[in-house]
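These notes concern the structure reproduced below.
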Amino acid sequence: MLIKTRKASDIPSSEITPASVYFSRRDFMRGVGGIAIGSAAGVLMSGDAMAEDANRSPALLNLASKPAWLVQKISQRKPAPPSGPFAAADEKTPFNDATTYNNFYEFGTDKTDPSSRAKNFAIDPWSVEIAGECNKPGKYTLEDILKPHTLEDRVYRLRCVEAWSMVIPWVGFSLGDLLKRFEPNGNAKFVEFQTLQDPKQFPEQSSRFATIHWPYMEGLRMDEAMHPLAMMAVGLYGDAMPAQNGAPIRLVVPWKYGFKSIKSIVRIRFRSEMPTNTWKDLQPSEYGFYANVNPAVNHPRWSQATERRLPTSLFMPHRIETKPFNGYADEVESLYAGMDLRKNY
Ligand code: MTE
């Protein structure tokens, strides 16, 4: 998503497989004795093997500590339903790929910067400020934020605007259930989210070369935010959220491009007006407020008709067709009835 001009001959960054993904895939192919070229690793693994993911590297959590109450709460989560939109049937992306191929510009712009620079990220204490058009504004500890909610596993597809995708088993709960607790009033038409601003934890926030205006901001229309698929996630693969994936609490909106799914949230504000969002603010001709996954509307610099489903390699690109609303059209299309989605990209 970098804003830069490039020659037509350059390979887009979205086409380059990072070494970690390439090598883990190569090791896997070696392990299975070189089974047929052309089958993606994810396709070869059984669902159970993938769920256990024996190759998971615990160091990749990158957290200074995990509060005991959070560990306990996550251990009491409900399993994902056997099927349906909360449990994508797609093969899950291996843990080590989902946690080493990240976009988290506060740590740097390379895909491996977040996992390598997020060591000892501190999430305790953490609080979330609730502000704006509601009856119960205030500063809530993370424990207070989570207390009334039963956590659950949800397997969602994540489609980045850069045309790669993953399938991630999140741990969390519906955003709407959280928002209702603060009693938004009649003026609350939108909800705005803000990431932590702390250059001690996020090196890029003090970089002279950063292009983003910190803190990272996002927003949803109120009816989008209340949709049951919109999720607050506090973990993945049955564990706490790794720092590079947005610890301790992030948004996941599976029918929208990944940049809407803002990480490490410290403020939620109910607003009467449409909030700005970081990528729209940087490049409004390329990124909009709605950002619904839409294969019919190309990014000005690349096609959105297909996506690379990770893990991939140069020899096994695992390119698949992108579906409208990332495959969640049955659930969310009605939110946009009568809207021109080419204009409202
Ligand atoms: N949130 C913050 N605060 N900073 C970011 O740079 N990147 C976004 C989104 N949330 C980003 C962010 C983008 S572009 C994507 S695709 C997803 O996070 C990636 O989530 P993942 O790294 O967990 O796969």
* Structure fact -> Picking from 81, 67, 85, the residue that is open to solvent by less than 70 Å² (accessible area, probe 1.4 Å), without any contact (Cβ under 8 Å) to a residue 12 or more places away in the chain and more than 16 Å from the ligand (Cβ to nearest atom) would be 81
* List the pairs whose first member sits in the range 198-222 and is within 15 Å of residue 264 (Cα to Cα) and in a strand (DSSP E or B), whose second member is more than 12 Å from the ligand (Cβ to nearest atom) and charged (D, E, K, R), and whose Cβ atoms are under 6 Å apart, counting only residues at least 6 apart or on separate chains? -> 219/192
* **Residues within the range 185-210 that are touching a Cys at 6+ places or on another chain (Cβ under 8 Å) and aliphatic (A, V, I, L, M), tallied** => 1
* Can you name the condition, by its number, that residue 50 falls short on among (1) part of a helix (DSSP H, G or I); (2) at pLDDT 50 or above? -> (2)
* Asked: Just wondering, is there one or more residues in the range 103-123 that are touching a Leu at 6+ places or on another chain (Cβ under 7 Å), more than 10 Å from the ligand (Cβ to nearest atom) and aromatic (Phe, Trp, Tyr)?
  -> yes
* Structure fact -> Restricted to the range 88-102 and to residues being open to solvent by 40 Å² or more (accessible area, probe 1.4 Å) and in contact with a Lys or Arg (Cβ under 9 Å, 6 or more places away or on another chain), the residue nearest to the ligand (Cβ to nearest atom) is 96
* Structure fact -> Here the residues within the range 188-216 that are within 13 Å of the ligand (Cβ to nearest atom), more than 16 Å from residue 127 (Cα to Cα), of a type in the set (A, V, I, L, M, F, W, C) and open to solvent by less than 40 Å² (accessible area, probe 1.4 Å) are 202, 210, 212
* away from the ligand (no atom under 16 Å from the Cβ), open to solvent by 10 Å² or more (accessible area, probe 1.4 Å) and among the charged types (D, E, K, R): does that describe residue 143? -> yes
* Just give me the residues in the range 306-316 being touching a strand residue (DSSP E or B) at 6+ places or on another chain (Cβ under 6 Å) and outside any strand (DSSP E or B), in sequence order. => 310
* Pairs, please: C-beta under 9 Å, at least 6 apart or cross-chain, first residue assigned to a helix (DSSP H, G or I) and in the range 90-110, second of a type in the set (Val, Ile, Thr)? -> 96/21; 97/21; 98/167; 98/168
* Structure fact -> Scanning the range 237-267 for residues that are more than 22 Å from residue 199 (Cβ to Cβ) and more than 9 Å from the ligand (Cβ to nearest atom) gives 237, 238, 239, 240, 253, 254, 255, 256
* Scan the range 157-187 for residues that are of a type in the set (S, T, N, Q), in contact (Cβ under 8 Å) with a residue 60 or more places away in the chain and open to solvent by 10 Å² or more (accessible area, probe 1.4 Å) and jot them down. => 185, 187
* **Residue ID - nearest to the chain's Cα centre (by Cα), chosen from residues in the range 268-287 that are open to solvent by less than 10 Å² (accessible area, probe 1.4 Å) and away from the ligand (no atom under 12 Å from the Cβ)** => 268
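The values are calculated or read from the model by the stated rules, or taken from the named source; none is laboratory data. Values in this document were obtained by computation on a predicted structure and should not be read as measured data. Glycine gets a Cβ as well: all are built from the backbone with ideal geometry, and neighbour counts include every protein chain shown. Heads up: the accessible areas ignore ligands, DNA and RNA and are worked out on the full protein's heavy atoms, side chains in. Shrake-Rupley method; radii C 1.70, N 1.55, O 1.52, S 1.80 Å.
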